[in-house]
């Protein structure tokens, strides 16, 4: 890709801010609102914030790790940055759209790049009914919660909940229970990326549940509808030798 202008954004940490200061002086800097590419400096959490902030611009985002894990980031190097960006591979992601309805009759929509999760609010376990494309697949799931994740989010909360890692381009979503009590041996399901998932909260007054799309939380939900937003495209740039598909593959063989 041809790069005429770069915008640098960074997490609040000293290591990220110092890196941004040096890179701005080395390569110049324009506003993220006009740049051809945005370079994000930080960890995966900051990358998630950056993707949400500039989602409407549809501008490619190239991350360099100045955080901890950096699963969505490239290796940090100051030299030859325009050349690296020009040779980077593009990965297109589609976020999930959450439509949450509350016990008070309100509704809220939010987008999630990683996952939409439902979580119990009190000591009482949640009771969820699950429908896929209008068909009831599980009449009652007693659990701490459940989540639906994209391939990009499959190595985040989903992995901690013992969900499967999804390769990019697999055309799948993962539906994963969180600490299921009944049915105890149910470990979730793989769904086509176009599937619509509906969670109905059973007995929400006694067993309140919150819904979270990445970092947008809605409390006391009664129904949550999740579907992929196929009209929204997010472009991430990765070095050819360290692309996202390779990272996901390697993560499945970590001891």
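Below are the figures for this structure:
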item: Complete set of residues in the stretch 8-36 that are in a loop (DSSP other than H, G, I, E, B) and surrounded by fewer than 20 Cβ atoms within 10 Å (Cβ to Cβ); result: 12, 13, 28, 29, 30, 31, 33, 34, 36
item: Flag for residue 39 being under 19 Å from the mean Cα position of the chain (by Cα) and not in a loop (DSSP other than H, G, I, E, B); result: yes
item: Out of 139, 161, sole residue that is farther than 18 Å from residue 96 by Cα and under 16 Å from the mean Cα position of the chain (by Cα); result: 161
item: Residue ID - farthest from residue 200 (Cα to Cα), chosen from residues in the stretch 132-164 that are surrounded by fewer than 17 Cβ atoms within 10 Å (Cβ to Cβ) and in contact (Cβ under 8 Å) with a residue 40 or more places away in the chain; result: 133
item: Elements of type strands (runs of 3 or more DSSP E) contained in the stretch 82-130, each with 3 or more residues being at pLDDT below 95 and farther than 18 Å from residue 209 by Cα; result: 89-93
item: Residues being surrounded by fewer than 19 Cβ atoms within 10 Å (Cβ to Cβ) and modelled with pLDDT of 70 or more - total across the stretch 243-255; result: 8
item: Among the residues listed as 192, 177, the single one being in the same structural domain as residue 113 (by TED's automatic domain parsing), in contact (Cβ under 8 Å) with a residue 12 or more places away in the chain and surrounded by fewer than 21 Cβ atoms within 10 Å (Cβ to Cβ); result: 192
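The values are calculated or read from the model by the stated rules, or taken from the named source; none is laboratory data. Only a predicted model underlies this, so the values are computations on that prediction, with no experimental measurement involved. Cβ: placed from backbone, ideal geometry, glycine included. Neighbour counts: every protein chain shown.
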